[in-house]
Amino acid sequence: MKHPLLACALAACCAGAGAADCPPYVKHTPGGDYTSAQDREGLSVVEKFHFSRAVETLAQGLTGSLGADISYTLEHFPNHHRALASMAKLGLRLKSAQPPGARYTVSCYFERAIAFAPHDVTARMVYGSYLLSTGQDATALEQLDAASRLAPEQATIQYNLGLMYVKKKEYEKASAHAQKAYALGFPLPGLKNKLKAAGKWKEPPPAPAVAVDAAAAEPEKPPVAPAEPPSGE
């Protein structure tokens, strides 16, 4: 669901924002790359006091407001996937580009995450979802395209890209992503149905037959018992 008022607020915020409003993440202890086993050594301490299940589900904060606790988590682990998702949900729920207690805007947290860990596919996917929810389709497409280049065999990314290209009526691209998503085993038929409704779906060609080696296909013959040597009688 789009939030047009939030999208306008985001645009106004970004127009007047500079680097000082969204400074880059500086690694400190505990903290770092959420996808790094070494950096995650201090994660449990941060989560225990600032990112409990109640915070993640936006039920209540631990040390203050939800925005403050999620912000603290992201200030230590900028690409913490679940914390990014929770911050995005909080912004959407409150229709606010910068929820109360958060040090930065929702978009800033994603920008910091991607700048620090550009390899992080999940962070880009979550950001793309948030951008779509706020009506920023073009920027969302950029993030999903980048995620697709990083993880071309990720079926969910291919599926979501297909949906975006259907929306843009770029059916050739949509079909290509759909074929790849389903070849990778994506289970939902929604994209296929949309392409069918537009008259743009083509069934994938059948898989080529596997050539069978004639020698290998020949049934195994039972072993022949060796002839008995002459007895000399």
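The values are calculated or read from the model by the stated rules, or taken from the named source; none is laboratory data. Keep in mind that this is a model prediction, so the values were computed, not measured. Glycine also receives a Cβ, built like all others from the backbone with ideal geometry; neighbour counts cover every protein chain displayed.
Within the range 146-200, the set of residues being more than 24 Å from P118 (Cβ to Cβ), crowded, with 21+ Cβ neighbours inside 10 Å and either free of Cβ contacts under 8 Å to residues at least 24 places away in the same chain or basic (K, R) (or both) comprises just one member, A178.
The helices (runs of 4 or more DSSP H) located wholly in the range 154-233 that include 2 or more residues which are under 25 Å from D120 (Cα atoms) and at pLDDT 95 or above occupy 155-167, 171-183. Criterion first (closer than 23 Å to A147 by Cβ, under 21 Å from the mean Cα position of the chain (by Cα), of a type outside the set (S, T, Y) and modelled with pLDDT under 95) does R82 satisfy it? No: the conditions fail for R82.
Taken across the range 20-31, residues that are more than 21 Å from the chain's Cα centre (by Cα), in a helix (DSSP H, G or I) and at pLDDT below 95 do occur, with at least one present. The residue pairs whose first member lies in the range 16-27 and is loosely packed, with under 12 Cβ neighbours inside 10 Å, whose second member is modelled with pLDDT of 60 or more and not charged (D, E, K, R), and whose beta carbons are closer than 6 Å, counting only pairs six or more residues apart or on different chains, are P24/A115.
Provide a single number: the residues in the range 93-110 that are surrounded by fewer than 18 Cβ atoms within 10 Å (Cβ to Cβ) and in contact (Cβ under 8 Å) with a residue 60 or more places away in the chain. The number of residues fulfilling the criteria is 1. Before we move on, is L43 among the aliphatic types (A, V, I, L, M) and at pLDDT 95 or above? Judged against the criteria, L43 is a match. Here G64 fulfils each of the conditions (1) outside any helix (DSSP H, G or I); (2) under 24 Å from the mean Cα position of the chain (by Cα); (3) modelled with pLDDT under 95 apart from (2).
Looking for something more than 10 Å from the chain's Cα centre (by Cα), crowded, with 18+ Cβ neighbours inside 10 Å and not in a helix (DSSP H, G or I) - is there at least one such residue anywhere in the range 127-134? Spell out the reasoning first.
Within the range 127-134, the first condition is being more than 10 Å from the chain's Cα centre (by Cα), and the residues that meet it are 130-134.
Keeping just the survivors that are crowded, with 18+ Cβ neighbours inside 10 Å gives 130-134.
Now narrow it down to the ones that are not in a helix (DSSP H, G or I): 134.
Scanning the range 127-134, I find at least one residue that is more than 10 Å from the chain's Cα centre (by Cα), crowded, with 18+ Cβ neighbours inside 10 Å and not in a helix (DSSP H, G or I), so the answer is yes.
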